[in-house]
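So the structure is just underneath, and the comments pick up after that.
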Amino acid sequence: MSAFDYVESGEVDGRRCGRLHLGSSLTVAEAAELRLALMAALEDCAVLTLDAAEVGEVDVAGLQGLCAVHRTGVARGRQVLVTGLDVGPWPEILRLAGLRRHEACPLSNDRKNCLWL
Amino acid sequence: MSADNQNETNQYLTFKLDREIFALGIAKVREVLDYTAITRVPKTPDFMRGVINVRGGVVPVVDLRVKFGMAPTPQTVNTCIIIVEINLEGETTVLGALADQVEEVLDLDPAQIEPAPRIGTRLRTEFIKGMGKRDEQFIIILDIDRVFSGEELASVAGGEDLAQAVRS
Amino acid sequence: MRERPNDAFREEAYELLAELETSLLELEDNPRDKDVIGRVFRAMHTIKGSGAMFGFDEISAFTHEIETVFDLVRNDEILVTKEMVDLCLLARDQIKAMLDAAGGHLEVDRSRTAHLVGAFRAFLPQAAPAEASPAAIPAPAAAEGAATRTWRIRFRPAHDIFANGTNPLALLRELCELGEARVVAQTDLIPPIDDLHPEVCYLYWDVILTTTADANAIRDVFIFVEDDCEMTLASIDDGGCLDDGDSRKLLGEILVERGDLSAADLERVLTERKRLGEVLVEDGLVKPGQVAAALAEQQALEKQRQNRPAADAASSLRVPAERLDKLVDLVGELVTVQSRLSQTAAGREDAVLTAVAEEVERLVEELRDLTLNIRMLPIGTTFSKFKRLVRDLSRELGKDIELETAGAETELDKTVIERLNDPLVHIIRNSIDHGIEMPEVRQVAGKPRQGTIHLSAIHSGDSVVIEIRDDGKGLDRDAIRRKAIEKGLLGEQDEPSDHDLFLLIFAAGFSTAQTVTSVSGRGVGMDVVRRAIDALRGTIDIHSEKGRGTTIRVRIPLTLAIIESLLVAIGKDRFVLPLSLVEECIELTEGDVAAAHGRNLVRVRDQLVPYLPLRRWFAMEGARPPIEQVVITSLGGQRVGFVVDHVIGEHQTVIKSLGRMYRDVQGISGATILGDGSVALILDVPQLLQGAEAEEKVATHG
């Protein structure tokens with residue numbers, strides 16, 4: 001079984017929803033696999049929720065992957081959300097990496113549409 | 001400190017020990033205090049009278065008369081303590097010297113000062129910087145650093161063995 | 001009164017050398033530890049860099065050689081060997097010698113320098129002739145030390161930075177640890193997911209760092225990725241200017257300064273009325289991330305301005321030691337004046353004066369505690385020196401000894417720490433030389449080959465207890481006894497307890513060493529220890545078990561400046577004793593004296609305690625009163641009484657030196673000024689105790 005587990009999670013307002021479980025590690029070692037899983041998931045649904053609650057280890061490659069899928073989604077009129085960023089290493093990682101909504105994303109000047117907390 | 005060599009002034013503080021008049025270069029003198037009770041430090045030579053409080057510091061007081069072989073300085077209304085800064089092996093130390101009476105600050109032209117006589121004084125000549133004169137009276141100018149030179153002080157504490165001190 | 005930059009460099013370099021020594025010793029135990037290797041490298045790098053900056057070219061050039069070797073080490077090209085650590089330690093000593101020389105115009109042994117340089121070059125692969133002069137030394141942006149400044153750092157990793165295992169987040173974390181940091185990621189290079197190369201680094205960062213660290217320290221963070229990233233560093237505020245409220249920077253200026261926006265574009269946009277950041281982004285002139293970073297910078301500056309007073313209070317400050325000494329002196333005087341005030345107030349029935357006096361007393365007490373606290377330093381700095389000592393000496397002797405330390409954080413007065421150094425060195429040397437056996441001997445005795453010396457410090461009331469424990473062969477009771485008798489320290493018939501007997505090793509001229517070595521055994525060591533500890537008003541205790549080891553416990557008062565004491569009178573003279581040594585006071589009547597049949601012993605409950613009549617001991621004039629007081633003291637488990645006319649009470653004693661003239665007076669360790677302005681003498685209890693012992697011995701032997 002893949003570390004990245006995708007499930008359909010029904011429809012909201014006629015939009016197909018999907019949920020991708022991110023495994024315990026989002027590092028450069030998994031980056032290629034992550035990219036494929038993200039691409040597949042984004043193909044499949046209009047509202048993609050990334051569940052990051054189980055992530056224990058993450059590096060810049062992982063962060064970039066999530067950023068990339070988010071901006072691709074936005075460009076295609078799809079919604080990409082991420083949950084579980086308030087647990088585990090996330091708060092510290094996001095602080096260190098300087099990824100904060102309203103600061104970093106070129107797509108989110110309106111401050112509503114950033115992947116990150 | 002080399003300062004007192006360079007800034008050597010011609011001014012001297014004169015004072016009396018018994019009936020003789022002595023003088024100290026003014027640069028050595030920090031202040032003159034009235035006599036105050038002196039705390040005796042036990043088991044020290046007689047010329048070391050003890051310590052006093054000078055503005056929060058503890059300063060030893062010496063009895064120059066005893067040091068120079070005279071009778072101890074009696075306490076009178078005129079007795080003073082001259083606070084001097086002396087140079088001991090390169091370190092500046094403050095101490096008080098008892099004087100029977102402090103007289104005046106005197107200008108002495110270096111030309112008027114004669115070298116210490118070899119005879120005719122009770123003092124060891126190395127303690128004397130020179131002899132001045134005022135109204136036909138000789139003034140002994142002290143070399144105060146020499147008076148308290150390291151060798152002299154070392155004998156002060158003189159390694160008295162504790163156990164022996166107790167036995168005696 | 002500003003320190004010259006040279007002094008600042010030397011001071012900093014000495015600190016770095018101390019750290020370096022610790023790191024090297026650590027490296028010896030863990031030669032593969034990347035962290036430690038990094039620390040060694042950075043220390044060398046900083047010494048080299050600042051050395052060159054301040055004109056210490058010799059130091060810089062020399063350090064460069066070691067740095068070169070460590071550069072290879074951290075790149076895994078060569079491995080750390082014991083030999084390398086040895087050389088590094090010698091090199092460290094040599095750098096120190098060079099620093100010493102720079103301070104005192106001494107000469108450095110240049111042949112030694114050359115020898116070491118040669119040895120370091122031998123580590124280089126194919127022994128490439130190393131560059132003759134130091135490699136380019138990063139031009140530091142600023143020379144000043146500890147001021148808080150705000151820096152703008154742009155960190156742009158190379159695309160392939162992941163390939164060599166570098167994690168940029170780790171670098172950011174290191175940067176964040178230097179101070180207060182705001183990190184803003186720039187994500188504009190991240191492509192759509194389909195075009196994403198998973199192993200390429202697209203992110204780059206702007207960091208606004210408010211820190212006391214200097215440019216070099218910041219650069220050092222990136223030292224391992226120098227070739228794998230672009231890093232620009234600029235000071236955007238040097239602390240001092242911040243008071244100038246009008247110097248607040250506008251967002252636009254910041255962007256222009258960073259090169260993210262041209263001045264002309266800024267000019268044009270400023271004529272519009274919208275919020276600048278929005279306009280700039282809308283017009284595509286700058287990217288949102290850049291605005292965000294600039295905003296962060298603006299916020300950091302404003303925050304720093306607001307926080308300045310608080311931040312200054314929280315940060316540390318370098319103060320010349322003499323100024324602290326002066327402060328302690330002044331507080332001492334204040335304590336004296338205050339006690340005079342309290343005394344005066346007590347003598348008058350004036351409620352207002354009494355209230356004021358009490359208030360002053362409270363404040364002075366607080367001020368005193370605070371002031372004495374400022375001088376407190378952790379004892380750990382001395383501990384690390386001992387590590388080196390143990391290492392070098394045990395090798396010289398062919399022994400295998402480990403020094404374990406505990407309680408390095410225990411704080412003691414600065415002067416006390418300095419003066420503790422020598423006695424502790426003596427004790428530890430003694431353990432190495434005489435205590436711990438050769439490895440083979442230990443093995444035969446069923447002990448581990450490696451011996452252990454355990455050094456610990458712990459607070460206990462108003463003192464610190466320092467314990468030096470070894471697991472060596474213990475003290476040889478019979479040898480000590482023989483020696484003591486031979487030296488006349490003990491009578492033939494005396495059968496002292498182990499404890500009393502062991503204490504004799506601290507007596508003057510005592511040494512049981514069979515051979516005289518360079519280490520100890522000249523028969524002075526332990527005697528010196530005793531005197532040094534006495535001078536600190538401390539006590540020594542010793543326990544030893546044959547075959548199991550020896551424990552020496554040194555108890556030292558926290559501070560030398562002000563102590564609680566007991567004020568007593570003999571005639572009209574007054575004396576004080578450290579209260580920490582006083583157990584109780586009892587009366588001594590003429591009847592008691594008669595009952596003791598000429599022996600100076602007094603019964604305290606069930607124990608006979610020897611006493612010393614101070615009036616007689618000090619050969620003071622005057623007759624003793626019919627009822628005297630005995631102050632019973634306890635020192636190192638020994639109780640001795642001191643007979644005085646009467647006990648006045650407790651007194652807060654500001655210790656004053658008696659000065660040069662009275663430095664060798666027996667039984668008196670200093671003086672203090674009483675409330676009425678007169679001087680009281682401080683009794684030297686340990687020294688008097690020896691006197692009392694001698695007296696008692698004389699009495700018993702007839």
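The values are calculated or read from the model by the stated rules, or taken from the named source; none is laboratory data. Please read all numbers here as calculations on a predicted model, not as lab measurements. Methodologically, a virtual Cβ is constructed for each residue, glycine included, from the backbone with ideal geometry; neighbour enumeration extends over all protein chains shown. We work out accessible area using only protein heavy atoms, side chains counted, and drop any ligands, DNA or RNA first. Shrake-Rupley method; radii C 1.70, N 1.55, O 1.52, S 1.80 Å.
Among all residues of the range C:158-168, there is none that is over 27 Å from residue A:35 (Cβ atoms) and surrounded by 21 or more Cβ atoms within 10 Å (Cβ to Cβ).
Being more than 33 Å from the chain's Cα centre (by Cα), at pLDDT 80 or above and part of a helix (DSSP H, G or I) holds for only one residue in C:335, C:328, C:356, and it is C:356. Filtering the range A:25-60 to residues that are of a type in the set (S, T, N, Q) and either part of a strand (DSSP E or B) or within 16 Å of residue C:190 (Cα to Cα) (or both) leaves A:25, A:49.
Give the range C:382-430 a look and list any residue that's among the basic types (Lys, Arg) and in a helix (DSSP H, G or I), or say none. Selection gives C:385, C:387, C:388, C:391, C:395, C:414, C:419, C:429. The set of residues in the range C:618-642 being over 25 Å from residue C:466 (Cα atoms) and either of a type in the set (Gly, Ala, Ser) or within 14 Å of chain B (Cβ to nearest Cβ) (or both) consists of C:618, C:619, C:620, C:621, C:622, C:623, C:641, C:642.
Suppose we filter A:95, A:78 for residues that are more than 10 Å from chain C (Cβ to nearest Cβ), farther than 18 Å from residue C:196 by Cα and not aliphatic (A, V, I, L, M); which single one remains? Every option except A:78 fails the conditions.
Residues of the range C:145-204 that are small (Gly, Ala, Ser) and at the interface with chain A (Cβ under 7 Å from one of its Cβ atoms): C:185 alone.
Taking the listed residues A:81, A:20, the one that is farther than 23 Å from residue C:166 by Cα and open to solvent by less than 10 Å² (accessible area, probe 1.4 Å) is A:20, with no other qualifying.
Let's see how each residue does on (1) loosely packed, with under 15 Cβ neighbours inside 10 Å; (2) more than 30 Å from residue C:317 (Cβ to Cβ); (3) touching a His at 6+ places or on another chain (Cβ under 7 Å); (4) modelled with pLDDT under 80:
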| residue | (1), (2), (3), (4) |
| --- | --- |
| C:190 | no, yes, no, no |
| C:204 | no, yes, no, no |
| C:241 | yes, no, no, yes |
| C:249 | no, no, no, yes |
| C:262 | yes, yes, no, yes |
| C:265 | no, yes, no, yes |
| C:271 | yes, yes, no, yes |
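Counting only strands (runs of 3 or more DSSP E) that sit completely within the range B:25-70, those holding 3 or more residues that are more than 10 Å from chain C (Cβ to nearest Cβ) and open to solvent by 40 Å² or more (accessible area, probe 1.4 Å) correspond to B:29-34. Residues that are without any contact (Cβ under 8 Å) to a residue 60 or more places away in the chain, under 24 Å from residue C:320 (Cβ atoms) and in contact with a helix residue (DSSP H, G or I) (Cβ under 7 Å, 6 or more places away or on another chain) within the range C:379-434 comprise C:382, C:417, C:421, listed in sequence order.
Residues that are over 22 Å from residue C:201 (Cβ atoms) and touching a Gly at 6+ places or on another chain (Cβ under 6 Å) were ranked within the range A:43-63; the one that is nearest to the other protein chains (Cβ to nearest Cβ) is A:48. Within the range C:465-490, residues that are buried (at least 20 other Cβ atoms within 10 Å of the Cβ) reach partners that are among the aromatic types (Phe, Trp, Tyr) with beta carbons closer than 6 Å, at six or more positions or on different chains, in the pairs C:475/C:502. The residues listed here are A:38, A:66; of these, the one that is open to solvent by less than 10 Å² (accessible area, probe 1.4 Å), more than 22 Å from residue C:173 (Cβ to Cβ) and within 14 Å of chain C (Cβ to nearest Cβ) is A:38. Report, by residue number, each residue of the range C:664-702 that is modelled with pLDDT under 75 and at the interface with chain B (Cβ under 7 Å from one of its Cβ atoms). Residues satisfying the conditions are C:664, C:690, C:691, C:694, C:695, C:698.
Looking at this structure, is residue C:680 in a strand (DSSP E or B), under 15 Å from residue B:39 (Cα atoms), of a type outside the set (S, T, N, Q) and touching a Phe, Trp or Tyr at 6+ places or on another chain (Cβ under 7 Å)? For residue C:680, the condition - in a strand (DSSP E or B), under 15 Å from residue B:39 (Cα atoms), of a type outside the set (S, T, N, Q) and touching a Phe, Trp or Tyr at 6+ places or on another chain (Cβ under 7 Å) - is met.
Among the residues of the range B:71-123, the ones that are open to solvent by less than 70 Å² (accessible area, probe 1.4 Å), closer than 18 Å to residue B:57 by Cβ and of a type in the set (Ser, Thr, Tyr) come to 1 in all.
Answer yes if at least one residue in the range C:574-586 is over 35 Å from the mean Cα position of the chain (by Cα), among the basic types (Lys, Arg) and closer than 21 Å to residue C:562 by Cα, and no otherwise. Yes, the conditions are met somewhere in the range C:574-586. Does residue C:26 satisfy the condition of being more than 26 Å from the chain's Cα centre (by Cα), free of Cβ contacts under 8 Å to residues at least 60 places away in the same chain and open to solvent by 50 Å² or more (accessible area, probe 1.4 Å)? Criteria not met by residue C:26.
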